[in-house]
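Input: a single structure, listed below in structure tokens.
We did not get these values from a lab; they are worked out from the coordinates using the rules stated. As the structure is a computational prediction, the values presented were derived from the model and not from experiment. In this analysis, Cβ positions are derived from the backbone assuming ideal geometry, glycine residues included, and neighbour counts consider all displayed protein chains.
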Amino acid sequence: MNGKRTGEELVEERYCRIGEVAEATGVSRRVLRRWDEIGLVSPSRTWSGYREYGPDDLERLRRVMVYRELGFDSDRIREVLDAPVAAVMGEMEDSRVALEGKIVELQEILKTLNKLISLNQAEEGFEASDSTPVSEDCNQGAGEDDGDWSRQARTRWAGSREWLEYSERVVTMSRHDRKEAGAHLVEVESDLAEACRGGVDPRGEVAMDLAERHRDALYWYRVTPSMHCCLARMYEADGRFRHHYEELEPGLTNWLVEAIECNARRHGLDPAKAIWR
């Protein structure tokens, strides 16, 4: 580069130091040095050891940046830079197929995220100290409008930890899994009704084991023995729950409440001191 050059020649033949290249391209000096080390873009050196990027280096760097934006890793970029055009097009086709698959995957993730956000947007205020949200998949509350039941539950409970856990499970469980979980709850409730009908002592081991199965079958969120006692109070106080259990078997509500409380004592908990936690 000794001697005078025209302005056009200077633009075409100008050599740039690494700092200029980094500033112009937005690629950090560290990355540029790494690319030099692995042979991706290896500029010439001055007599004092400084890197100098000539026109060919800058053009190669431009291509590296294009393929990096396309998601190619360093090894693939190196192959593409020196490959025949047909091979490059093949790599692009492979990348397009992979990217289309990723887009579908991201759309599914976005759909799930939107559902989760929607489920957790309360329409009105709520009190976190109240009992529990109610699943739209639950058969309890029979005779009521399911959509209205679900809306009331969200209005009351959205913002609570249990509602968040419920919504996480609802949007991540498959329809088949939700159906199976709902069927299992129905089965457990049928066994509860049969035990009550058969005169099983609600304070005995059989009833307590059934109460434990009932607690485990409430799949919408984790239910502790203490929370189970709080739910039992709600079964007594809320006419929709009482109606549901009484339809299964007259007297089942009180029988189940007693079995739940006895089971709580088996866990070392005083039902009278049970709180929602």
> What percent of all Cα-Cα pairs in the stretch 55-112 falls in each 10 Å bin, counting up from 0?
Replying inline: 21, 43, 23, 11, 2
> What order do you get for 188-197, 234-243 when each peptide is scored by the mean count of other beta carbon atoms within 10 Å, highest first?
Replying inline: 188-197, 234-243
>> Checking the a/c ratio against 1.5 first, then a/b against b/c, what shape does the Cα gyration tensor give for the stretch 7-73?
In response: oblate
> At what distance in nm do the modelled label points of residue 89 and residue 108 sit from each other, each positioned 7 Å from its Cα along Cα→Cβ?
Replying inline: 3.2 nm
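By its C-alpha gyration tensor, with a ≥ b ≥ c as the square roots of the eigenvalues, how is the stretch 171-277 shaped: rounded for a/c under 1.5, else prolate for a/b larger than b/c, else oblate?
Details: a/c = 1.56, a/b = 1.19, b/c = 1.31.
Oblate, because a/c is 1.5 or more while a/b does not exceed b/c.
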>> Taking R0 as 41 Å, what FRET efficiency do you get between residue 180 and residue 70 from their Cβ-Cβ distance, rounded to the nearest 0.05?
In response: 0.45
>> Amide H of residue 53 versus every other amide H placed in the peptide plane: which residues, excluding those fewer than 5 positions away on the same chain, fall under 5 Å?
In response: 16, 17
> Roughly speaking, what is the stretch gain from residue 20 to residue 99, that is 0.36 nm per residue apart minus the C-alpha to C-alpha distance, in nm to one decimal?
Replying inline: 25.1 nm
> residue 117 to residue 46: extension gain in nm, 0.36 nm per residue of separation minus the Cα-Cα distance?
Replying inline: 19.8 nm
